[in-house]
Amino acid sequence: MSTAVRAVFDTNVVLSAVLLRQGRLAPLRALWQSGQCLPLVSKATADELLRALKYPKFRLASEAQQELIADFLPFSEVVMLRSSPGKLPVCRDPADQVFLELAVVGKAKCLVSGDRDLLALAGKVPFRMVSPAEFLESEVGRTWRG
């Protein structure tokens, strides 16, 4: 039996996967819920997700927010970030730096993002930087789809 792929998913990817049940990223939810991939989270990334679910544009009641969180966080591994994860390139968007740090400290195989600022760092970090579509087309995605 193979081990789950350790992956960091940025907030927008997680939101798309849990909010849009029939959307193109909905299969990600099945991947982490089946244990084929292991999402990594830190306090900062979990807090950002919780904050994003409260945005007025989503119009989510508190119960709906909790249901969506329950589709993700229980399937994730919490990683404690240390003050210096080592040499990393600096992301153009300072708010995205935490995802790079999480991937390094959590020993992620990849960081899944649609964010151009993060994807621009492909090849400059010790893990793969992939779009959600690339992740779904990877071995993990093919295995899940059969």
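Out of the stretch 19-78, which residues are under 29 Å from E137 (Cβ atoms), at pLDDT below 95 and among the hydroxyl-bearing types (S, T, Y)?
S34, the sole residue that qualifies.
Would you please name the residue that is nearest to V78 (Cα to Cα), looking only at residues in the stretch 1-11 that are out of contact with any strand residue (DSSP E or B) (no Cβ under 7 Å at 6 or more places or on another chain) and modelled with pLDDT under 95?
Checking each candidate, the answer is T3.
Taking into account only those residues within the stretch 13-44 that are in a helix (DSSP H, G or I) and in contact with a strand residue (DSSP E or B) (Cβ under 8 Å, 6 or more places away or on another chain), which is surrounded by the most Cβ atoms within 10 Å (Cβ to Cβ)? Quick ask: steps written out before the conclusion?
Pass one, the stretch 13-44, residues in a helix (DSSP H, G or I): 13-19, 26-33, 43-44.
Subset that is in contact with a strand residue (DSSP E or B) (Cβ under 8 Å, 6 or more places away or on another chain): 13-14, 17, 28, 31-32, 43.
Values: V13: 22, V14: 29, A17: 26, L28: 27, L31: 24, W32: 23, K43: 12.
The extreme case among them is V14.
When both residues are 6+ apart or on different chains and their Cβ atoms are under 7 Å apart, which pairs have a first residue that lies in the stretch 84-100 and is within 12 Å of L118 (Cβ to Cβ), and a second that is basic (K, R) and modelled with pLDDT of 90 or more?
Matching pairs, first to second residue: P89/K124.
Name the residues in the stretch 76-135 that are polar (S, T, N, Q), surrounded by 14 or more Cβ atoms within 10 Å (Cβ to Cβ) and more than 26 Å from R24 (Cβ to Cβ), would you?
Narrowing the stretch 76-135 to residues polar (S, T, N, Q): 76, 83-84, 97, 113, 131.
Filter once more, so that each one left must be surrounded by 14 or more Cβ atoms within 10 Å (Cβ to Cβ): 76, 97, 113, 131.
Across the stretch 76-135, the qualifying residue is only Q97.
The values are calculated or read from the model by the stated rules, or taken from the named source; none is laboratory data. Keep in mind that what you see is a predicted model, and the values were worked out from it rather than measured. Every residue, glycine as well, gets a Cβ built from its backbone with ideal geometry; the counts of neighbours run over all protein chains shown.
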